[in-house]
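Please treat every number below as a calculation from the coordinates, not as lab data. Owing to the predicted nature of the structure, the values given are computational and were not obtained by experimental measurement. Cβ sites come from the backbone with ideal geometry, for glycine too, and all protein chains shown count toward neighbours.
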Amino acid sequence: MRRTLLALIAVANLLAAPAAMAAPTCQDINGYTIRCGTPGAMPVGWTLPFQQRWERDWVNPVEPRQLLKVICVLGVYFCLLAMLPDFEGWKDEERS
């Protein structure tokens with residue numbers, strides 16, 4: 001009963017919290033996100049036209065060497081995780 005009451009109180013607090021409002025974001029002439037009011041910022045709500053965004057993505061594709069580096073780093077990370085010993089639980093002496 002106590003757990004249910006605490007869960008209901010937590011849910012009520014989360015639902016009653018006001019929404020956080022973020023400042024508007026602007027983009028520069030190249031379509032990158034930039035703080036509004038700084039030199040080079042376009043008006044609020046302006047976005048790079050789809051055709052220009054498409055052309056820019058084709059000009060700067062992901063390099064295969066970068067992709068290979070990411071795959072190697074993730075492979076090493078998962079190999080290290082696989083080498084960790086199995087966790088068999090807490091001993092009674094370790095609990096306080």
Computed over region 23-82: relative contact order in percent, which uses C-alpha pairs under 8 Å that are six or more apart: 22
Anisotropy class of the chain from Cα gyration tensor, a/c 1.5 cut: oblate
Point-charge dipole on Cβ atoms (K/R +1, D/E -1) for region 23-82, about Cα centre, debye to 20: 120
